[in-house]
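One structure below.
The values are calculated or read from the model by the stated rules, or taken from the named source; none is laboratory data. Predicted model, so just to flag it, every value in this text is computed and none were measured. Methodologically, a virtual Cβ is constructed for each residue, glycine included, from the backbone with ideal geometry; neighbour enumeration extends over all protein chains shown. Each accessible area value is taken on the protein alone, full model and side chains, heavy atoms only, with ligands, DNA and RNA left out. Shrake-Rupley method; radii C 1.70, N 1.55, O 1.52, S 1.80 Å.
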Amino acid sequence: MSGRVAELLRVVVEIQRLCAALLELAEPLNDNQPDYVEIIANNTRNFSSLVIEITNFLEIGSHELRTPIVVIRGFAEMLLMNMSDSLSEKQQDFVTQVNDSGKKLVGLVNTMMGEHEEC
């Protein structure tokens, strides 16, 4: 799990703990103001669902972005290493640009996810 996702989950757990404490504090108000407790409970459930969706998006999005970039970089590296004699100088420049751009994109995805390793 990436650093940012793990940190997000730690924050979520703390917020959920605070919401539970708030619900306990609001319970005595239930007789006089039943809407407050219901509002807090609904918002806590909505928040938990939202955090689960965000976490899933980040994990799936990271994979879905990174995988095609890594494949493209692999083919570019293969072309540069194994077929450089067959490629014209212009083709070699294009393949090098593809590889370099792929490296930058993986770096951007890693930055977005709070990760530092390179794929």
| What list of ³J(HN,Hα) couplings, whole Hz, do you get for segment 97-102 from phi and the Karplus terms 6.51, -1.76, 1.60, once you set θ to phi - 60° and write x for glycine and proline? | 5, 4, 5, 4, 5, x
| Ranked order, Asp85, Asp93 - accessible area, probe 1.4 Å, largest first | Asp85, Asp93
| request: Could you tell me which GluC sites (Glu not before Pro) in segment 42-119 are loop residues by DSSP with no more than 10 other beta carbons within 10 angstrom of their beta carbon? | output: Glu117, Glu118
| Cα pair distances in segment 48-119, grouped into 10 Å bins until the bin that holds the longest one, percent each | 19, 39, 24, 12, 5, 1
